[in-house]
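Beneath this line is the structure, given in structure tokens, with notes to follow.
The values are calculated or read from the model by the stated rules, or taken from the named source; none is laboratory data. What you see is a predicted model, and the numbers here were worked out from it, not measured in a lab. FYI the Cβ positions are ideal-geometry reconstructions off the backbone, even for glycines, and counts take in every protein chain you see. What goes into the accessible areas is simple: the full protein's heavy atoms, side chains included, and nothing from ligands, DNA or RNA. Shrake-Rupley method; radii C 1.70, N 1.55, O 1.52, S 1.80 Å.
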Amino acid sequence: MVDGHGKGEDVAAETAGTAQIGGALARLRRATGLPVAFGGLVEPGRHRMRISEFSGAATLALSGLAVTSGNGLGGKAVALARPYAVTDYSRSRRISHEYDAAVAEEGLRSVLAVPVVVRRRVRGVLYGALRTAQPLGDRTLNAAVEVARDVEQALVAGDEARELLTAARPGSGHGAERERVREAHAALRALAPRIADPALRAELLDACGLLTPVAETHPGPGGPAPVLAPRELDVLACVAAGATNAATAERLGLRTETVKGYLRSAMRRLGAHTRGEAVATARRAGLLP
């Protein structure tokens, strides 16, 4: 079972990473004005990346191309974990030329390659290119680096979410495990607002839902199930994990007074008079683990 979980998580991570690379290419073209963008992920456990995603390409010449670390422009970006650009790919003396035929078939001349570096490891490369030979200035390169950083943040968030869900997998149901689930739930809810990608943010919140039980009861006879605003639930999740108002404020990037306001509002919606009563009611309603 452990091996199965591990393989499933690797596939999920790779799928999410590919989606992030693909989604970033249109943003890279808008940010830089470059007509062609492509990229891919570094293969797990191997010193190469495979080009799999495209935006603005005219041919399939680069599709599936495996770029070995150190070779060509992208391979150099992988090996040194730094962005690079060349004005005329086929004539550049700064790179090796194993991939000239594919680049020429696509008709590319000026090319930049920006690595996506996550926790000091290159996870992928974003390329942007022109079909003419002209210098790519610092402004263009900096814009591409910003897009790569967005991808980095999304991958970090995805990694953290998977780690939290793994740590929170139910086992015997002992008290220590329940507390671990509650801490993971609070951490996931704190992580979600940092995610700019709406689809990824929604996936993260769906993951939170996997950690919450089915509602046991409603707060009053025949009463409707309580509904909390997202920030009210964020605050209550931190409180349920044992955080003080000050610690909750730091975790969520809010002022302490703002946290108190959300907590009061949540208590009012839940018909609770104390923090503990609010947490207990939210758990019975299936809002918290």
Among residues of the range 230-242, those that are under 15 Å from residue 208 (Cα atoms) and part of a loop (DSSP other than H, G, I, E, B), counted: 1
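Give me a count of the residues in the range 35-50 that are within 17 Å of residue 74 (Cα to Cα) and assigned to a loop (DSSP other than H, G, I, E, B).
Residues in the range 35-50 being within 17 Å of residue 74 (Cα to Cα) and assigned to a loop (DSSP other than H, G, I, E, B): 4 in total.
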Cβ-Cβ under 9 Å pairs, at least 6 apart or on other chains, the range 220-231 side at pLDDT below 85, far side among the hydrophobic types (A, V, I, L, M, F, W, C) and in a loop (DSSP other than H, G, I, E, B): 225/215; 225/285; 225/287; 226/285; 226/287
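Residue by residue, here is whether (1) within 16 Å of residue 123 (Cα to Cα); (2) modelled with pLDDT of 95 or more; (3) open to solvent by 40 Å² or more (accessible area, probe 1.4 Å) holds:
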| position | (1), (2), (3) |
| --- | --- |
| 28 | no, yes, no |
| 39 | yes, yes, no |
| 75 | yes, yes, no |
| 104 | no, yes, yes |
| 107 | no, yes, no |
Residue, nearest to residue 186 (Cα to Cα), within the range 247-257, restricted to residues that are open to solvent by 20 Å² or more (accessible area, probe 1.4 Å) and under 27 Å from the mean Cα position of the chain (by Cα): 251
Residues that are more than 19 Å from residue 157 (Cβ to Cβ) and buried (at least 24 other Cβ atoms within 10 Å of the Cβ), drawn from the range 109-133: 111, 112, 113, 114, 125, 127, 128, 129
Residue that is farthest from residue 148 (Cα to Cα) [pool: residues in the range 57-73 that are surrounded by fewer than 17 Cβ atoms within 10 Å (Cβ to Cβ) and among the polar types (S, T, N, Q)]: 59
Qualifying residues in the range 119-168 (those that are charged (D, E, K, R) and touching a Gly at 6+ places or on another chain (Cβ under 8 Å)) - the one modelled with the highest pLDDT: 131
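Residue 85: touching a strand residue (DSSP E or B) at 6+ places or on another chain (Cβ under 6 Å), open to solvent by 40 Å² or more (accessible area, probe 1.4 Å) and under 21 Å from residue 48 (Cα atoms), yes or no?
Details: touching a strand residue (DSSP E or B) at 6+ places or on another chain (Cβ under 6 Å): yes; open to solvent by 40 Å² or more (accessible area, probe 1.4 Å): no; under 21 Å from residue 48 (Cα atoms): yes.
No: the conditions fail for residue 85.
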Selected residue (criterion: modelled with the lowest pLDDT) from residues of the range 7-19 that are touching a helix residue (DSSP H, G or I) at 6+ places or on another chain (Cβ under 9 Å) and over 17 Å from residue 74 (Cβ atoms): 9
